[in-house]
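A.B. asks: The structure is given below, and queries will be raised subsequently.
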Amino acid sequence: MCQRRRKCEPALGGGLGLWHGDPGLGLFGGTPQWRADQLRRDPVLGLGWSSALVPRTRELVGSLGSLLGAALLCAVFPCSQDMTGMTLGTNVINDNYGWGNVLVGEFLGTFILCFVVWETAVSPAASCGKNACIAIGFAVFLAHVLLLPIDGCSINPTRSFGPALVSAIRNCPGRVTKGLEDLWVMWVGPLLGGAAAAGLHFAFKPRGVTSTKVQDFDS
């Protein structure tokens, strides 16, 4: 039971956090084109709109934000109080799994998330409106349930970058040192998953549909 709680509570927290946070940010309040512009800010989602696997300004800004967030964690939690192996929550491959297992897992988790985002929040044929965040939150929950025991669940390269680099520079005694070694998997898997989701989205994208009426749940 304890093992299941340690696995499910963070996953549920991540899903519910996105569920409640996205409407507050107004991510799903505008037109499909406006929502697409906002989603391009994410490096994985943005890959689907890119013509090449080349880092751009928003990916660099996201990486800087990840570094800043990890640095702030250093300021709050001393090494003795970091309960993540003194890694600031760095994504590290479980010793019971190989990098191939994690690569496929990150691919699947990111694929599910990106495809759900595009089909519910960006597609002009979507009719769920602001309720898209519910589907997206559950997609995040599903990815975390799958990946938390395997590598801590990345599904976002910049999320993994900051903690891995800052924890290595911090160099707490006895820390887990695999963060930088495993970092490439946390980039390649999500980027490939995002690209595959983009390809499937465009392959089935409705032609000639400009907008669909949002379903009214008040009636």
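A.B. asks: Can you tell me which residues in segment 143-168 are assigned to a loop (DSSP other than H, G, I, E, B) and among the β-branched types (Val, Ile, Thr)? Give the derivation first.
C.D. replies: Taking segment 143-168 as the starting set, the residues that turn out to be assigned to a loop (DSSP other than H, G, I, E, B) are 152-156.
Within segment 143-168, just 155 meets the criteria.
A.B. asks: Could you list, in sequence order, the residues of segment 171-201 that are touching a helix residue (DSSP H, G or I) at 6+ places or on another chain (Cβ under 6 Å), surrounded by fewer than 21 Cβ atoms within 10 Å (Cβ to Cβ) and within 15 Å of residue 85 (Cα to Cα)?
C.D. replies: Matches in segment 171-201: 172, 180.
A.B. asks: Determine which member of the set 140, 176 is under 28 Å from residue 60 (Cβ atoms) and either in a loop (DSSP other than H, G, I, E, B) or basic (Lys, Arg) (or both).
C.D. replies: Details: 140 fails: either in a loop (DSSP other than H, G, I, E, B) or basic (Lys, Arg) (or both).
Unique residue meeting the criteria: 176.
A.B. asks: Can you say whether residue 131 is modelled with pLDDT under 90, over 30 Å from residue 78 (Cα atoms) and in a helix (DSSP H, G or I), as far as the supplied structure shows? Show your work before the answer.
C.D. replies: On the way: modelled with pLDDT under 90: yes; over 30 Å from residue 78 (Cα atoms): yes; in a helix (DSSP H, G or I): yes.
Judged against the criteria, residue 131 is a match.
A.B. asks: Working only within segment 122-147, note down all residues that are touching a Cys at 6+ places or on another chain (Cβ under 8 Å), crowded, with 20+ Cβ neighbours inside 10 Å and within 21 Å of residue 206 (Cα to Cα).
C.D. replies: Answer for segment 122-147, where residues must be touching a Cys at 6+ places or on another chain (Cβ under 8 Å), crowded, with 20+ Cβ neighbours inside 10 Å and within 21 Å of residue 206 (Cα to Cα): there is none.
A.B. asks: Moving to a separate point now. Which residue, of 113, 68, is in a helix (DSSP H, G or I) and over 16 Å from the mean Cα position of the chain (by Cα)? Outline the logic, then answer.
C.D. replies: Details: 113 fails: over 16 Å from the mean Cα position of the chain (by Cα).
After ruling out the rest, the residue left standing is 68.
A.B. asks: Could you tell me which of the residues 88, 103 is outside any helix (DSSP H, G or I), buried (at least 18 other Cβ atoms within 10 Å of the Cβ) and either modelled with pLDDT of 90 or more or among the hydroxyl-bearing types (Ser, Thr, Tyr) (or both)?
C.D. replies: Working: 103 fails: outside any helix (DSSP H, G or I).
88 is the lone residue from the list that is outside any helix (DSSP H, G or I), buried (at least 18 other Cβ atoms within 10 Å of the Cβ) and either modelled with pLDDT of 90 or more or among the hydroxyl-bearing types (Ser, Thr, Tyr) (or both).
The values are calculated or read from the model by the stated rules, or taken from the named source; none is laboratory data. From a predicted model like this one, the values you see are computed outputs, not experimental measurements. Positions of Cβ are backbone-derived with ideal geometry, glycine not excepted, and every protein chain shown enters the neighbour counts.
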